[in-house]
Amino acid sequence: MESDNPSADIIVNRIVKDPSLIPVRYVYDMYADDIVFNKPTQGYLRVQAGEAIDISGSVNMDEDIRSQVVGFQLTKFQNGDYQTSGKKTVVQMNENREFSGSVAINEPGNYLINILSPDVFAGGMTSPYGSTKWAEIAVEVMPKGK
């Protein structure tokens, strides 16, 4: 029996010819003032499996910051969506609120590196402070030697 409501999943594969033209994607435009990146300067990277991806910059906000760390959380595109992959990488900020760290991805695929804020006022009654996603960097990981 045929269904009156057929459905299908559509997955669009992004092909980026020149990654240098893709900016870092901020969750909200205002976050571009809160965090500035020295590396990478682009929002789409094409790397080989196992290659270190350096991430550095500075946090420029006047709000009450409750932690001196920035987080990098990897998500991998699988089963039609981005899913958390591995543990969060936490990097310490110095006295000038500058940070520097790296992430290496060993399996080929499509990933997002989610850039997480230090603990800031996020609202809520029980735990008003927390880390929020500020930005993301798309990464296409190629097999070694490709």
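Things worth noting here:
- Once backbone amide H atoms are built at 1.01 Å from N, ARG66 has ASP119, VAL120 as its partners under 5 Å, excluding neighbours fewer than 5 places away on the same chain.
- Between ALA135 and VAL27, ILE115, the built amide H atoms are under 5 Å apart, and every one of these is 5 or more places off in sequence or on another chain.
- For the range 98-107, Karplus couplings with θ = phi - 60° (6.51, -1.76, 1.60), whole Hz, Gly/Pro x: 9, 9, 7, x, 8, 9, 10, 10, 8, 9
- Using the Karplus relation 6.51 cos²θ - 1.76 cosθ + 1.60 with θ = phi - 60°, the per-residue 3J(HN,Hα) values for the range 80-87 come to x, 7, 7, 10, 3, 10, x, 7 Hz, with x marking Gly and Pro.
- Cβ-placed point charges (K, R +1; D, E -1), dipole of the chain about Cα centre in debye, nearest 20: 580 debye
- Sequence-separation-based contact order of the range 19-142, relative, with Cα cut under 8 Å and 6+ spacing, percent: 31 percent
- Convex hull volume of the Cα atoms of the chain, normalised per residue: 181 Å³.
- Summed over qualifying helices (DSSP H, 4 residues or more, each -39500 (n - 2.57)) and divided by its residue number, the chain shows a 222 nm mean residue ellipticity of -500 deg cm²/dmol.
Where a number appears in this text, it was derived from the coordinates with a stated rule and is not lab data. None of these values were measured; they are calculated from a predicted model. Every residue, glycine among them, receives a Cβ derived from its backbone with ideal geometry; neighbour counts consider all protein chains shown.
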